[in-house]
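Notes follow once the structure below has been shown.
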Amino acid sequence: MEPKHLINAIVQQTTVLIAQLSTAAGIRAPLAQLADQVFLELSRELEAQGVTRKVAADMFGLALRSYQKKIQRISESATQRDRTLWEVVLEHLRKRGGASRKSLSSHFKRESALDLAAVLKDLTSSGLISATGRGTSTYYQVASPEARASVTEEAGLDVVAHWVWLAVYDHQQIARSALLAELPFDDELGRRAIRSLLEDGRIAEQPSAAAAAAGSSSSVEDDSAMLSCAQLQIPIGAEQGWEAAVFDHFRAMANAIGAKLRTVGARSSERDRVGGTTLSFSVYAGHPNEREVYGLLQRVRGELNELWNRVSEYNRIHVVDPDRRVDVTFYFGQHVIAADVDVEHAADTATGPEHDASEVTP
């Protein structure tokens with residue numbers, strides 16, 4: 001397959017994943033600026049790879065001046081975002097003071113009935129709105145400002161904490177001020193997430209020499225303090241943090257492919273330390289190897305968990321020298337496609353007892 005065809009195939013598969021993510025839980029994620037975002041990120045990455053702007057412009061089929069103007073225009077508007085159905089429904093209820101399901105269906109008639117129902121269910125279960133009655137006569141009202149603020153902040157904190165945790169792990173060690181500067185969240189929310197992670201031991205803090213010498217009170221945050229994280233693991237079935245786990249899955253796969261492509265000819269050998277293998281098994285109910293194939297995920301996950309725990313325990317006692325540290329990320333996954341097989345049951349039988357496959361090597 002030529003590189004052009006390979007790129008087209010990867011783009012097509014990536015759009016499928018984005019579509020699935022954007023409609024997860026019935027909530028429509030804003031996609032209006034997706035094309036511009038892809039253009040901007042791809043342009044930056046090409047330049048990071050050493051490609052000049054003139055060459056990059058030619059790759060996009062643009063004149064250099066047009067290419068530069070487009071980058072400037074997109075960069076200036078990159079912070080603008082469209083609104084989700086979730087946000088629009090909430091604002092509608094806030095302005096009207098409340099509405100019945102029937103009137104909401106009429107007002108949002110251009111939206112999918114299933115999407116609207118999912119959004120209303122999500123808003124109700126999250127405590128942001130209340131529901132009275134049943135069926136089309138169900139009446140929805142926005143919760144009080146105090147209750148809504150509390151629920152929104154707590155839900156946001158759970159999600160943000162996982163992203164902050166992942167960011168600290170990526171850096172291994174980073175100053176609090178530097179971390180806050182790079183996070184795409186409100187500064188106060190970021191600080192609350194950091195405090196939450198410190199309290200439950202998911203990250204550690206080393207005060208700066210100046211703060212230690214001054215004997216600063218523990219109630220005063222030291223922005224020059226170094227935050228560190230030696231391991232990252234998200235339990236199976238966790239209701240929060242799945243976004244970070246999905247990103248970790250995708251990043252591990254993409255980085256492995258990218259690293260392989262940088263090797264001469266991207267050829268494989270038995271001694272490879274970087275690479276991947278994909279195997280597909282065709283089985284059916286009653287196949288002699290059916291249980292063995294379905295159990296692949298469970299067996300591999302169990303073996304990796306055992307190794308991960310041994311490495312983690314050793315590193316806890318024998319701290320790894322940052323200058324000698326080598327990170328090895330092992331990515332694996334299992335997907336079952338069938339029309340007449342109980343896929344959900346098959347997936348359940350392949351679930352390991354401890355951690356998600358998104359674990360990162362300690």
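Going through (1) modelled with pLDDT of 85 or more; (2) of a type outside the set (D, E, K, R); (3) in a helix (DSSP H, G or I) one by one, residue 265 falls short only on (1).
Report yes if some residue within the range 335-352 is at pLDDT 85 or above and closer than 24 Å to residue 247 by Cβ; otherwise report no. Scanning the range 335-352 turns up at least one residue that is at pLDDT 85 or above and closer than 24 Å to residue 247 by Cβ. The criterion of at least 2 residues that are among the small types (Gly, Ala, Ser), over 30 Å from the mean Cα position of the chain (by Cα) and at pLDDT 80 or above is met by the following helices (runs of 4 or more DSSP H) wholly inside the range 4-114: 101-107. Would you be able to say whether some residue in the range 304-319 is part of a loop (DSSP other than H, G, I, E, B) and either of a type in the set (A, V, I, L, M) or at pLDDT below 85 (or both)? Yes, because at least one residue in the range 304-319 is part of a loop (DSSP other than H, G, I, E, B) and either of a type in the set (A, V, I, L, M) or at pLDDT below 85 (or both).
Whether a residue is within 30 Å of residue 325 (Cβ to Cβ), outside any helix (DSSP H, G or I), in contact with a Leu (Cβ under 8 Å, 6 or more places away or on another chain) and modelled with pLDDT of 75 or more was assessed, and residue 174 passes this test. When residue 234 is tested against (1) closer than 21 Å to residue 305 by Cα; (2) at pLDDT 70 or above; (3) not charged (D, E, K, R), just one condition goes unmet, and that condition is (2).
The values are calculated or read from the model by the stated rules, or taken from the named source; none is laboratory data. Fair warning: this is a prediction, and the values are worked out from it, not measured in the lab. Note: ideal-geometry Cβ built from the backbone for every residue, glycine included; neighbour counts use all protein chains shown.
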